[in-house]
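Each remark here refers to the structure printed beneath this line.
What follows is calculated from the coordinates using simple rules that are stated; it is not laboratory data. Just so it is clear, the structure is predicted and the values come from calculations on it, not from any experiment. Don't worry about glycine lacking a Cβ; one is built from the backbone with ideal geometry, like all the others, and counts go over all protein chains shown.
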Amino acid sequence: MDTLSILLMGFISIVVVNNLVFTKFLGICPYLGVSGRIDMAFGMGLAVTFVVTLSGTLTWLIDHLLLIGTPLEVTRYVCFILVIAGAVQLVEMYLRKFFPSLYESFGIFLPLITTNCAILGLCLFINLWGIDSLLEAVVLSFGAGIGFTMAICIMAGIRENLDLADVPDCLKGAPITLITAGLLAMAFMGFAGMIR
Amino acid sequence: MQQSWLLIVASFCFGLLIAVTNAALSPRIRQNEINKRNSMVTVLLPGANDFILMEEQIEIQSLQGKMEKVEIYKAMSAADECVGWSFEAVGSGFADKIKLVIALDKNFEKIAGFDVLSSNETPGFGDQIKYDYYRDQFKGAPAGELKLVTIGERSKIDSEIVAISGATISSEAVVEIVSNSIMKVKEQMRKKGIIGNDKQ
Amino acid sequence: MTNSNVKTSRYWQTLLAGLWRENPVFRLLLGMCPTLAVTAAVKPALTMGCCVIFVLICSNIIVSLMRNLLKPHLRILMFTLTIATFVTIADLFLKAFVPRMSETLGPYVPLIIVNCIIIGRAEACASKNPLLISVVDALGMGVGFTVTLCVLAAIRELLSTGKIFEIQLMPDAFVPWAAMSMPVGAFITLGLMLGLVNIVAGRKA
C-alpha cells in the first residue's frame with residue numbers, strides 16, 4: 001500500500017535519519033538539562049512526544065484550514081506559538097484532573113515544554129516540507145517525539161556512566177554532554193541516505 | 001476579567017503592526033522569489049528575456065509516488081519567440097530535499113541545464129552537484145532517461161552522467177530528479193498538445 | 001554629579017554583563033539551538049545575531065513599558081505574543097532584503113520566538129526595570145550573543161572551508177575538516193568552547 005509505505009518511511013526517517021536533536025538541533029536546552037538520569041529522561045521524552053503529537057496535528061489543521069492561501073498567512077508564527085502554549089495548558093489541566101499520578105510524575109516538565117524549540121520547530125518543519133495529509137502530519141509529529149525520546153534516553157544512559165569516569169573539571173556538565181552529543185550525531189550520520 | 005482588555009488591545013496593535021509591515025514588504029518579497037528563479041534560468045537559457053507561466057495545470061507523479069503540481073514557465077526572448085522552458089523539481093538527496101530548476105530547449109528535446117535552488121548535501125562531497133563540472137554534463141543532454149555511471153568521459157554529452165566520486169547518492173539523486181521530472185512533464189505536455197512533433 | 005556617575009556605571013555594567021559575565025550562551029547556557037544551527041558560517045551567524053538584537057530590544061521596550069499593567073497569569077502570554085510579533089516582522093524584513101540569507105537560516109528565525117534568552121530577559125529584567133536599563137540590558141545580551149555566535153562560526157567556517165566571509169585565510173596545504181560544518185562539529189566546538197570558558201572563568205574567580 002503506497003500510503004502505508006510513505007507513512008512508514010516518513011516515520012523511520014524522522015526518528016533516525018532526520019532526528020530532531022542530532023540533525024536539526026532542536027530541543028537542546030531540555031536535552032542538556034534533563035538527560036542526567038534515565039528515568040527523568042524517559043519521562044521528559046514521553047511528555048514531549050505527547051505534546052508534540054498534539055501540537056503538530058493542531059497546527060497542521062490550523063495551517064490548512066485557516067492560513068494557507070489567505071492574507072492571514074503572515075500571522076503563522078503567532079498562531080502556532082499560541083496554539084502550542086494553549087495545547088500545553090490543556091494537556092496540563094486534563095492530566096491534573098484525570099490522571100493525577102501521571103501529572104505528578106511529569107512534574108515540572110510540562111510547563112517547560114512550551115519553550116522547547118522542538119515543538120515549534122517541528123510544526124514549522126511540517127509546514128516547510130509541505131506535508132499534505134493529516135495522517136502524515138500526525139505520524140511525523142509522533143515520530144519526532146519518539147526520536148527525541150530515543151536521543152535523550154541514549155544520552156542519559158551515557159551520562160550515567162560518565163559520572164563514574166574521570167572528566168576534567170572544566171568539562172564537567174554541559175561541555176562533556178555537548179561533546180558526547182557530537183559523537184552521537186556523528187554516529188547517527190551513518191543513517192543518512194538510508195531513506196530515499 | 002479586567003486584565004483581558006490589555007490582551008485584546010495588545011493583540012490588536014500587534015496585528016496591525018504585522019499587517020502594515022507585510023503590506024509594505026510583500027511586493028518586494030514576491031519580486032525576490034521571481035528574480036531568483038529567473039536569474040538562474042537566464043544563465044541556462046541565454047536570450048531569455050521574460051518568463052510566462054503556462055496556464056495549463058500539469059500534475060506529475062513524484063519519485064515518492066505522490067501527485068504534485070508543476071509550474072512550467074515558457075521563456076521568451078526579447079523578440080517574443082520561445083527560447084525554452086523551465087520548471088522546478090524536487091526530490092530527496094542524501095541529507096535532505098534537493099530542489100532544482102531545470103531548463104530545456106524550445107522543442108523539449110535537449111536539456112539546457114539545471115541549477116540547484118536549495119540542497120543540504122555534504123559539503124565537499126554531495127555539495128559538488130552545484131559545481132560546474134557536474135552540471136555541465138547535463139547541458140545538451142537528451143531530454144529523456146538519464147543514467148548515472150561511475151566511470152566515463154565527462155566531456156561527452158549524452159544520456160550518461162558521470163557521478164561525483166565519493167558522492168554517489170547525491171549524484172544519483174540529481175540524475176533521478178532530472179530524468180523523472182523531464183520524462184513525466186514531457187509526457188503530460190505531449191498529451192495536452194503543448195509540444196509535439198511540429199510545434200513552435 | 002555622583003548620582004549620574006553611579007547611574008552611568010550601572011548602565012555600563014549591564015551592557016558589559018551580556019558580553020562576558022552573564023554571556024547568554026557560555027554562562028547562562030541559554031539559546032543553544034540557534035547557536036548550533038546557524039554557526040556553520042559567519043554570515044548567517046551575524047544575520048541571526050542582528051535579528052536577535054532587534055527582537056530583544058523591541059520586546060524589552062514593550063515589556064518595560066507595560067510592566068505595571070501585567071498580572072501574573074497573563075505575563076507569559078503577553079511576552080510570547082510580543083516576541084512572536086517582532087520575530088514575524090524581522091522575518092519579513094529578512095525575506096525582503098536578504099532572501100538568500102533568509103533561506104539559509106530557514107526555520108531558525110521563527111525559532112527565535114522560543115529562544116530562552118529573550119523570554120528570560122523579559123522576565124528577569126524588562127518586567128521589573130524602567131525603560132533605559134531594559135534597553136541597555138537587551139543591547140548587552142544581544143551583542144554578547146552575536147559575538148558568541150560569530151566566534152563559534154568563525155572557528156567552524158575557518159576549519160571547514162579555510163575561509164571566513166569568502167576570504168581565504170588558511171594556507172593552500174590545509175585540508176578542510178568537512179565535519180566542522182556538520183552537526184558533529186557544531187556540538188563539539190560548542191562543548192570545547194564551553195570548557196575553555198570554564199577554565200578562564202575559573203581562573204578569574
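Some observations on this one:
- Between the stretch C:104-131 and the stretch B:54-91, the alpha-carbon centres lie 42 Å apart.
- Alpha-carbon spread of the stretch B:96-199, three principal axes, descending order, Å: 43, 28, 17
- Along principal axes, Cα extents of the stretch B:1-46, largest first, whole Å: 65, 15, 5
- Taking one quarter of the surface of the convex hull spanned by the alpha-carbon atoms of the stretch C:1-91 gives a direction-averaged projected area of 8.1 nm².
- Kyte-Doolittle mean at least 1.6 and Cα axial length at least 24 Å: DSSP H helices in chain C: C:42-66, C:131-161
- For the stretch B:64-152, the ratio of Cα radius of gyration to the globular rule of thumb 2.2 N^0.38 Å stands at 1.19.
- Shielding score for B:27-40, defined as the mean number of other chain Cβ atoms within 10 Å: 2
- The stretch B:42-105: C-alpha gyration tensor shape, a/c 1.5 cut-off, then a/b vs b/c: oblate
- Degrees between helix B:168-191 axis and first principal axis of chain B (Cα, 0 to 90, nearest 10): 90
- When the P(r) is computed for chain A, the part past 32 Å accounts for 19% of the Cα-Cα pairs.
- Within straight-line cross-link reach of C:K71, aspartates and glutamates at Cα separation under 18 Å, skipping those fewer than 8 residues along the same chain: C:E123
- Normalised per residue, the volume of the convex hull around the Cα set of chain B (Å³): 173
- Of the residues B:W5, B:W85, the one with the fewest other Cβ atoms within 10 Å heads the list, and the complete ranking is B:W5, B:W85.
- Inter-label distance for A:D132 and A:D163, nm, one decimal - labels placed 7 Å from Cα along Cα-to-Cβ: 5.1
- The residues packed around A:I38, meaning those with a beta-carbon under 15 Å from its beta-carbon, carry a net charge of -1 if Lys and Arg are +1 and Asp and Glu are -1.
- Rounded tilt (10° steps) of B:4-44 against the dominant C-alpha axis of chain B: 20
- Hydrophobic long helices, here whole DSSP H runs in chain A with Kyte-Doolittle means of at least -1.0 and Cα atoms spread over 24 Å or more along the helix axis, are found at A:38-62, A:76-98, A:134-162.
- From its DSSP helices (H runs of at least four residues, each -39,500 (n - 2.57)), the protein assembly as shown gives a residue-normalised ellipticity at 222 nm of -19500 deg cm²/dmol.
- From the largest down, the protein assembly as shown spans 86, 60, 57 angstrom on the principal axes of its Cα atoms.
- For the stretch B:1-112, the convex hull spanned by the alpha carbon atoms encloses 195 Å³ per residue.
- Calculated diffusion of the stretch C:35-134, Stokes-Einstein form, Kirkwood radius summed over Cα pairs, 10 °C and 1.306 mPa s, µm²/s: 114
- Coarse-grained scattering of the stretch A:1-43 at q = 0.28 Å⁻¹, given as base-10 log I(q)/I(0) from a Debye sum over alpha-carbon atoms: -0.91
- Arranged from fewest to most other beta-carbon atoms within 10 Å of their beta carbon, A:H64, C:H73 become C:H73, A:H64.
- With 10 Å bins from 0: P(r) over the stretch C:48-205, alpha-carbon pairs, percent: 10, 30, 31, 21, 7, 1, 0
- Entries of A:K24/C:K163; B:K130/B:K156; B:K156/C:K95 with Cα pairs more than 31 Å apart: B:K156/C:K95
- In straight-distance terms, cross-link reach from B:K106 covers every one of the lysines whose alpha-carbon lies under 19 Å from its own, apart from those fewer than eight places away in the same chain; here that gives B:K74, B:K139, B:K184, B:K186, B:K191, B:K192, B:K199.
- Normalised by the number of residues in chain B, the mean separation of alpha-carbon contacts (under 8 Å, six or more apart) gives a relative contact order of 15 percent.
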